[in-house]
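Since the structure comes first, as structure tokens, the remarks are kept for the end.
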Amino acid sequence: MNEVKGWQVGLTKACEWIMRLLYVNLLWIGFTIIGLGVFGLFPATTAMFAVVRKWVMQENDIPIFKTFWRTYRAEFFKVNGLGVILFFIGFSIYFYLKIYHYDNQLVYLFSRPLLFVAIIYYYALVMFFFPTYVHYKLPFLHYLKAPLMFSFASPLRTFLMIIMASSVYYFLITFPGLQPFLAGSTLSLVCMFVAHKVFLKVERKKLSMEA
């Protein structure tokens, strides 16, 4: 009897989490569209991470819509400014990869190691950007440096984040019908969960050095 009851409790909790993720994902898509796509993407993603961060910190009873809307509205212009910089960095790498090296194979050959490092840095920056943004209050440009610091402070956890996010990505590619309902929220939960572990590790290390 206890086993049946435990199974029912587990199923109920799983359904609750699926509904939460579904709701936040729909908010993310809706507010991205409201912001005219390009201008709504970064604020909506930031708001989604703000909600997920509360869940990771065991604050499960927060008002989801209120938290989402408050973050979206408050961070709209600031995070879009940072988004422009991130887009420019990413586009520069893409431009070099897809266009420039065709015109000068020799330069591309010798600069390939540097390009590889740049891609790794950019990937780490993007993975930790939103978790860092919603967890810390930093000066504007520090949001482009701090994510790199966190990503390299715990290489194993960063690698775990990449593996977990990639697994979710391939699962959603395999079942594309789930993408409009769970893609953004599930990936944000994975990234925020691992990033929070890294934040705690860095903060503990900082406290031990100050003691």
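Values as computed for the structure displayed
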quantity: Within the stretch 124-150, tally of residues that are modelled with pLDDT of 90 or more and over 25 Å from Phe76 (Cβ atoms); calculated: 1
quantity: Pair list, Cβ < 6 Å and 6+ apart or interchain, from the stretch 170-192 residues that are over 19 Å from Cys15 (Cβ atoms) and part of a helix (DSSP H, G or I) to residues that are open to solvent by 20 Å² or more (accessible area, probe 1.4 Å) and of a type in the set (Phe, Trp, Tyr); calculated: Gly184/Trp28
quantity: Matching residues, the stretch 25-40, being closer than 17 Å to Leu187 by Cα and either of a type in the set (S, T, N, Q) or open to solvent by less than 70 Å² (accessible area, probe 1.4 Å) (or both); calculated: Asn25, Leu27, Trp28, Ile29, Thr32
quantity: Conditions (1) farther than 18 Å from Met127 by Cα; (2) part of a helix (DSSP H, G or I); number of the one not met by Pro43; calculated: (1)
quantity: Counted residues, the stretch 132-179 - those being of a type in the set (Ser, Thr, Tyr) and over 23 Å from Gly83 (Cα atoms); calculated: 4
quantity: Flag if Asn60 is in a helix (DSSP H, G or I) and polar (S, T, N, Q); calculated: no
quantity: Qualifying position, being open to solvent by 20 Å² or more (accessible area, probe 1.4 Å), in contact (Cβ under 8 Å) with a residue 40 or more places away in the chain and assigned to a helix (DSSP H, G or I), among Leu86, Leu22; calculated: Leu22
quantity: Positions within the stretch 169-192 being modelled with pLDDT under 90 and either under 20 Å from Pro147 (Cβ atoms) or touching a Ser or Thr at 6+ places or on another chain (Cβ under 6 Å) (or both), in sequence order; calculated: Tyr169
quantity: Test: Ala195 is more than 24 Å from Ala44 (Cβ to Cβ), in contact (Cβ under 8 Å) with a residue 40 or more places away in the chain and hydrophobic (A, V, I, L, M, F, W, C); calculated: no
quantity: Condition met for Tyr169 (open to solvent by 40 Å² or more (accessible area, probe 1.4 Å) and closer than 19 Å to Trp17 by Cα); calculated: yes
quantity: Test: residue in the stretch 201-211 that is of a type in the set (Gly, Ala, Ser) and either surrounded by 16 or more Cβ atoms within 10 Å (Cβ to Cβ) or closer than 24 Å to Thr46 by Cα (or both); calculated: no
quantity: Every residue from the stretch 96-123 that is in a helix (DSSP H, G or I) and at pLDDT below 65; calculated: Tyr100, His101, Tyr102, Asp103, Gln105, Leu106, Val107, Tyr108
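The values are calculated or read from the model by the stated rules, or taken from the named source; none is laboratory data. In this text the structure is predicted, and so the values were computed from the model without any measurement. Because the Cβ atoms are built from the backbone with ideal geometry, glycine has one as well, and the counts that use them run over all protein chains shown. Surface accessibility is based on the protein's heavy atoms, side chains included, excluding ligands, DNA and RNA. Shrake-Rupley method; radii C 1.70, N 1.55, O 1.52, S 1.80 Å.
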